[in-house]
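What follows is one structure encoded as structure tokens, with my remarks underneath.
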Amino acid sequence: MNNSPIGVFDSGVGGLTVVREIIRELPEESIVYFGDTARVPYGSKSRETVTKYSRQIVRFLRSREVKAIVIACNTASAYALHEVAHDIDIPVIGVIEPGAKAADKVTQNGRIGIIATEGTVRSGTYEKVLKQINPNLKVFLKACPLFVPLVEEGWRYDSVTYEVADRYLNDIMMYDIDTLVLGCTHYPLIRRIIQKVAGDGVTLVNPAYETAKELAGVLYDNGIMAEQSVPEYRFYVSDSVKKFSSFAESILPCDVGHVERVNMEYNQGD
Ligand code: DGL
């Protein structure tokens, strides 16, 4: 048993989709969230840069005495999970493996689509992990960089978002996929539009939900689940608190209490 918080981080606000699922799955657990809102997006940055930022954030989270870390960002999970996990002695999980395992379970025809940021697509991590799970799977990737700004603009149910989704998904639907992984933090927030464009024959996989379930298993296996306690949620960002708080309030099932701005200059190193 351990009432220390779980550390969760992302390039910005998108990782709150993972926090939302963790709160639902593990309502007793406290959470410390870091959103790197000053340096978002990660999706267009290099492996080196994303890994460097991830290490800085992990150092910050460790200073908050977290008992486990969830890399909520798909791009950071794709590039930096192994480096970060190697550095520290507490459990670290990313969002890619849980999403990939679920996709393998769901698919009937073995043809899986992945939509994600350019960085996640370029990293090749989703294909690698899926092929390790099942070498017979056929994997098709498509970067959808406009989805992130559309979600952050609040156009979650907008006809423009529908048109953009239609244009992006057209390519990938030609491959006769029956499963589509929402491989970016923001995409679950436009899942209704994505489902409409992809059609009923395609099952959507939400890595945020799968990661929360995986986290529950990891906490249990390590004997570090919280005792019945009143959870605390603390949010840290590297830029404007106001913008973050209003986004968080629109998607979290709880009051967004403590939000604080952190100067990442103090947490730099390698
Ligand atoms: N959080 C990022 C991801 O899931 C999306 C936003 C960004 O590009 O930083 O890949």
Work out how much length residue 86 to residue 157 would gain on full extension: take 0.36 nm times their residue separation and subtract the Cα-Cα distance, in nm to one decimal.
21.5 nm
Explain nothing, just compute: Karplus ³J(HN,Hα) = 6.51 cos²θ - 1.76 cosθ + 1.60, θ = phi - 60°, for every residue of the stretch 215-220 in order, whole Hz, x for Gly and Pro.
4, 4, x, 5, 5, 5
If amide H atoms are modeled at 1.01 Å from N in the peptide plane, then the residues at a separation of 5 or more from residue 94, or on another chain, having amide H under 5 Å from its own are 71
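Considering only protein heavy atoms, what per residue accessible area in square angstrom results for the stretch 48-178 with a 1.4 angstrom probe?
Details: 6070 Å² over 131 residues.
About 46 Å² of surface per residue is accessible.
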Cα centroid distance between the stretch 183-244 and the stretch 1-43, in Å?
8 Å
Under 24 Å from the Cα of residue 128 - lysines, other chains or at least 8 residues apart:
45, 52, 101, 105, 138, 142, 213
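What net charge do the residues around residue 170 carry, taking every other residue with its C-beta under 14 Å from that of residue 170, with Lys and Arg at +1 and Asp and Glu at -1?
Numbers: positive: 142, 167, 196; negative: 163, 166, 171, 176.
Computed value for this residue: -1.
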Find, among the chymotrypsin sites (Phe, Trp or Tyr not before Pro) in the stretch 158-196, those assigned to loop by DSSP (not H, G, I, E, B) with at most 15 other beta-carbon atoms within 10 angstrom.
175
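When the accessible area of the chain is computed with all protein chains present and a 1.4 Å probe, what percentage of it is carbon and sulfur? Could the numbers behind the result be given before it?
Details: 5620 of 12090 Å².
Answer for the chain is 46 percent, counting heavy atoms of protein chains only.
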What whole-number value in Å² describes the accessible area per residue of the stretch 200-242 for a 1.4 Å probe?
52 Å²
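Give me the dipole magnitude in Debye, nearest 20, for the stretch 149-252 about the Cα centre, with unit charges on the beta carbon: positive for Lys and Arg, negative for Asp and Glu.
On the way: 9 positive and 16 negative charges, 59 e Å.
Approximately 280 debye in magnitude.
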Out of all DSSP beta bridges in the chain, what portion is antiparallel? Express it as a percent rounded to 5.
0 percent
I need the phi-derived Karplus couplings for the stretch 18-32: 6.51 cos²θ - 1.76 cosθ + 1.60, θ = phi - 60°, integer Hz, Gly and Pro marked x.
6, 4, 4, 6, 5, 4, 5, 7, 10, x, 8, 7, 7, 9, 10
Please list, in order, the residues from the stretch 178-194 whose amide nitrogen is less than 16 Å from a point placed 7 Å along the Cα→Cβ vector of residue 138.
178-180
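Could you tell me which GluC sites (Glu not before Pro) in the stretch 75-178 are loop residues by DSSP with no more than 11 other beta carbons within 10 angstrom of their beta carbon?
Details: sites: 83, 118, 127, 152, 153, 163; in loops: 153.
Here the GluC sites (Glu not before Pro) that fit, given the DSSP loop and packing criteria, are 153.
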What residues qualify as long-range amide H neighbours of residue 233, i.e. H under 5 Å apart, gap of 5 or more or another chain, H built at 1.01 Å from N?
31
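Over the chain, calculate the relative contact order: mean separation of alpha carbon pairs under 8 Å at least 6 apart, over the residue count, as a percent.
29 percent
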For the stretch 178-252, which GluC sites (Glu not before Pro) are both in a DSSP coil and crowded by at most 12 other Cβ atoms within 10 Å?
227
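With +1 assigned to the C-beta of every Lys and Arg and -1 to the C-beta of every Asp and Glu, and no other charges, what is the dipole magnitude of the stretch 84-236 about the Cα centre in debye, to the nearest 20? It would help to have the intermediate numbers written out before the result.
Details: 15 positive and 20 negative charges, 79 e Å.
Its charge dipole is roughly 380 debye.
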If each DSSP helix of 4+ residues adds -39,500 (n - 2.57) and the sum is divided by the residues in the chain, what number results at 222 nm, nearest 500 deg cm²/dmol?
-13500 deg cm²/dmol
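The values are calculated or read from the model by the stated rules, or taken from the named source; none is laboratory data. Worth saying up front: this structure is predicted, and the values here are computed from it rather than measured. Backbone-built Cβ (ideal geometry, glycine too); neighbour counts: all protein chains shown. Ligands, DNA and RNA are excluded from the accessible area calculation, which covers all protein heavy atoms including side chains. Shrake-Rupley method; radii C 1.70, N 1.55, O 1.52, S 1.80 Å.
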